[in-house]
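Worksheet: one structure, shown below.
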Amino acid sequence: MTNPFAEFTERIQAARAELDGILAQAERDLSRFKRENKPTEEERQQLHEAALRGELGDDMRELAEKVERGEDTWDAVFAGESPNAELLRGHLERMISENQEAVAEALEEDDEFDLDELRRDAEGRP
């Protein structure tokens with residue numbers, strides 16, 4: 001007599017192996033993205049100084065002061081690991097608003113960016 005659940009178990013194991021592969025690839029992609037998009041020390045210093053001067057808004061000045069006092073680090077803030085990462089939101093929203101056209105244009109020119117695929121993924125469709 002055959003096990004009626006054998007095929008079902010095999011299908012679950014195959015789906016799980018596929019999911020593990022997808023997750024592993026996502027982790028590799030995220031690591032690569034972080035490596036390639038990490039600001040240089042010079043860029044970080046320029047941001048820090050502009051934030052301290054108040055050129056980037058009050059939230060960014062507060063963040064820079066916390067970094068200055070050793071209460072936080074820019075790396076932790078940018079990685080979203082800092083309890084103060086929310087202070088970055090206003091600056092990012094301003095930057096997005098100010099650079100919306102340039103971002104849209106850059107995405108249109110990016111052969112690897114597929115808006116339809118992104119929408120399908122967001123909706124959970126294949």
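What follows is calculated from the coordinates using simple rules that are stated; it is not laboratory data. Predicted, not measured: the structure shown is a model, and the values here were computed from it. Cβ atoms come from the backbone with ideal geometry, glycine included; neighbour counts cover every protein chain shown.
Odds and ends about this structure:
- The ranking of 119, 44 from fewest to most other beta carbons within 10 Å of each one's beta carbon is 119, 44.
- Folded to 0 to 90 degrees: helix 100-109 orientation relative to the chain principal axis, Cα: 40
- Helix 6-36 and the longest principal axis of the C-alpha atoms of the chain enclose an angle of approximately 20°.
- Spherically averaged projected area in nm², based on the convex hull that wraps the Cα atoms of the chain: 11.9
- Based on Cα contacts under 8 Å between residues 6+ apart, the chain shows a relative contact order of 12 percent.
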